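Peer 1: One structure, pasted below without further comment.
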Amino acid sequence: DQKKISVTQMGSTYQTQDALRPPVLQTLDMKGDLNRLDAIFDRFPGAIVDSDYAADADNDWTDGAAVDAHVYGGYTYDYYFKRFGRLGLDNANIAIRSFVHPVDRADVLQQPPNIQNTFYLNAFYAGEGVMVYGEGLPVGLTFGGQRWNYLAGGLDIVAHELTHGVTDFSSRLIYRNESGALNEAFSDMMGTAVEFYFQPPGTGSRRADYLLGEDVITAASFPLNGIRSMQNPASFGDPDHYSV
């Protein structure tokens, strides 16, 4: 699909540095180099250099993962501001930095399970406004009976993960047991709310519904899109009530 993207011209290229919104809002392309991501995290944010930003020569972007991470990060900021008057994750316009392509899709079968589960089949909030979006799987390869595209391609995924930042800076729920479950539930609810704010309701690609991750995790041998359902949790094997 096509999206407008707010970027900054730097010399002869355009970089994913949002020039319109109040906070620093940047998207960084690791180009499949996990060692580069580790090096940046070791000296964050001082280690970031110009070549780390996603870039395009003519401002007609074709890297879907970079575009979606950048645009959907901006949408999530807009939602919290327009609906609640909140200035970003910490209510003080903390920088939002998104990292895409942390690994190379083609290398997935050569990677150990911990790398596959963290950087291919996952997206996560790393703290202090930092997001990492998994690479998904090559065409033709499935996991759990589902196809996995770039994790940044789901608006509800982006909003879910960034909402962990809102929780971190507000209630500071400890991420385990009941408080961890509340943390996840809040992210699911707000991620879905962001989806309904920007997308028309319905079924299919880029339609607001009560599935989580349905735009990028799609049915193959397993018959359902997404990883959870807020409407029918049991369809994914999740509990639908809590007993004391």
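The values are calculated or read from the model by the stated rules, or taken from the named source; none is laboratory data. In this text the structure is predicted, and so the values were computed from the model without any measurement. Note: ideal-geometry Cβ built from the backbone for every residue, glycine included; neighbour counts use all protein chains shown. Just so you know, the surface numbers come from the protein's heavy atoms only, side chains and all, with ligands and any DNA or RNA stripped out. Shrake-Rupley method; radii C 1.70, N 1.55, O 1.52, S 1.80 Å.
Peer 1: Among the residues of the stretch 125-158, what is the count of those that are farther than 19 Å from Asp38 by Cβ, in a loop (DSSP other than H, G, I, E, B) and of a type outside the set (S, T, N, Q)?
Peer 2: The qualifying residues number 10.
Peer 1: Within the stretch 174-185, take every residue that is open to solvent by less than 70 Å² (accessible area, probe 1.4 Å) and of a type in the set (A, V, I, L, M, F, W, C) and give me the one that is farthest from the chain's Cα centre (by Cα). It would help to see each step written out before you state the result.
Peer 2: So in the stretch 174-185, the residues open to solvent by less than 70 Å² (accessible area, probe 1.4 Å) come out as 179-181, 183-185.
Within this subset, residues satisfying the condition of being of a type in the set (A, V, I, L, M, F, W, C) are 181, 185.
Details: Ala181: 19, Ala185: 16 Å.
Among residues in the stretch 174-185 that are open to solvent by less than 70 Å² (accessible area, probe 1.4 Å) and of a type in the set (A, V, I, L, M, F, W, C), the one farthest from the chain's Cα centre (by Cα) is Ala181.
Peer 1: Separate question: When residues of the stretch 1-32 are filtered for being open to solvent by 70 Å² or more (accessible area, probe 1.4 Å), in contact (Cβ under 8 Å) with a residue 60 or more places away in the chain and either more than 14 Å from Ser98 (Cα to Cα) or assigned to a helix (DSSP H, G or I) (or both), how many remain?
Peer 2: The number of residues fulfilling the criteria is 3.
Peer 1: A further question follows. Do we have Tyr80 as open to solvent by 30 Å² or more (accessible area, probe 1.4 Å), hydroxyl-bearing (Ser, Thr, Tyr) and under 24 Å from Asn122 (Cβ atoms) here? First the steps, then the outcome.
Peer 2: Values: open to solvent by 30 Å² or more (accessible area, probe 1.4 Å): no; hydroxyl-bearing (Ser, Thr, Tyr): yes; under 24 Å from Asn122 (Cβ atoms): yes.
No: the conditions fail for Tyr80.
Peer 1: OK, next. How many of the residues in the stretch 85-94 are surrounded by 15 or more Cβ atoms within 10 Å (Cβ to Cβ) and on the phi < 0 side of the Ramachandran plot?
Peer 2: Result for the stretch 85-94: 5.
Peer 1: Follow-up. How many of the residues making up the stretch 49-65 are of a type in the set (A, V, I, L, M), closer than 23 Å to Tyr150 by Cα and assigned to a loop (DSSP other than H, G, I, E, B)?
Peer 2: We begin by selecting, within the stretch 49-65, every residue of a type in the set (A, V, I, L, M); these are 49, 54-55, 57, 65.
Within this subset, residues satisfying the condition of being closer than 23 Å to Tyr150 by Cα are 54-55, 57, 65.
Okay, now just the ones that are also assigned to a loop (DSSP other than H, G, I, E, B), so 54, 57.
Of the residues in the stretch 49-65, 2 are of a type in the set (A, V, I, L, M), closer than 23 Å to Tyr150 by Cα and assigned to a loop (DSSP other than H, G, I, E, B).
Peer 1: Moving to a separate point now. Taking the residues in the stretch 1-46 that are of a type outside the set (Asp, Glu) and in contact with a His (Cβ under 7 Å, 6 or more places away or on another chain) as candidates, determine which candidate is farthest from Asp58 (Cα to Cα).
Peer 2: Here is the first cut: in the stretch 1-46, the ones of a type outside the set (Asp, Glu) are 2-17, 19-28, 30-32, 34-37, 39-41, 43-46.
In the following step, the residues that additionally are in contact with a His (Cβ under 7 Å, 6 or more places away or on another chain) were identified as 5, 16, 27, 30-32.
Numbers: Ile5: 13, Thr16: 13, Thr27: 17, Met30: 20, Lys31: 19, Gly32: 23 Å.
Here the answer is Gly32.
Peer 1: A further question on this structure: Restricting to the stretch 123-173, name every residue that is over 26 Å from Pro45 (Cβ atoms), among the polar types (S, T, N, Q) and open to solvent by 50 Å² or more (accessible area, probe 1.4 Å).
Peer 2: Matches in the stretch 123-173: Thr142, Asn149.
Peer 1: Is it the case that the stretch 101-122 has a residue that's open to solvent by 40 Å² or more (accessible area, probe 1.4 Å), under 17 Å from Pro22 (Cα atoms), polar (S, T, N, Q) and modelled with pLDDT of 95 or more?
Peer 2: no
Peer 1: Filter the stretch 34-50 down to residues that are free of Cβ contacts under 8 Å to residues at least 12 places away in the same chain and within 24 Å of Gly136 (Cβ to Cβ) and give me whichever is surrounded by the most Cβ atoms within 10 Å (Cβ to Cβ).
Peer 2: Ala39
Peer 1: Please count how many residues of the stretch 200-223 are in a loop (DSSP other than H, G, I, E, B), touching a residue at least 40 places away in the same chain (Cβ under 8 Å) and open to solvent by less than 60 Å² (accessible area, probe 1.4 Å).
Peer 2: So the answer is 5.
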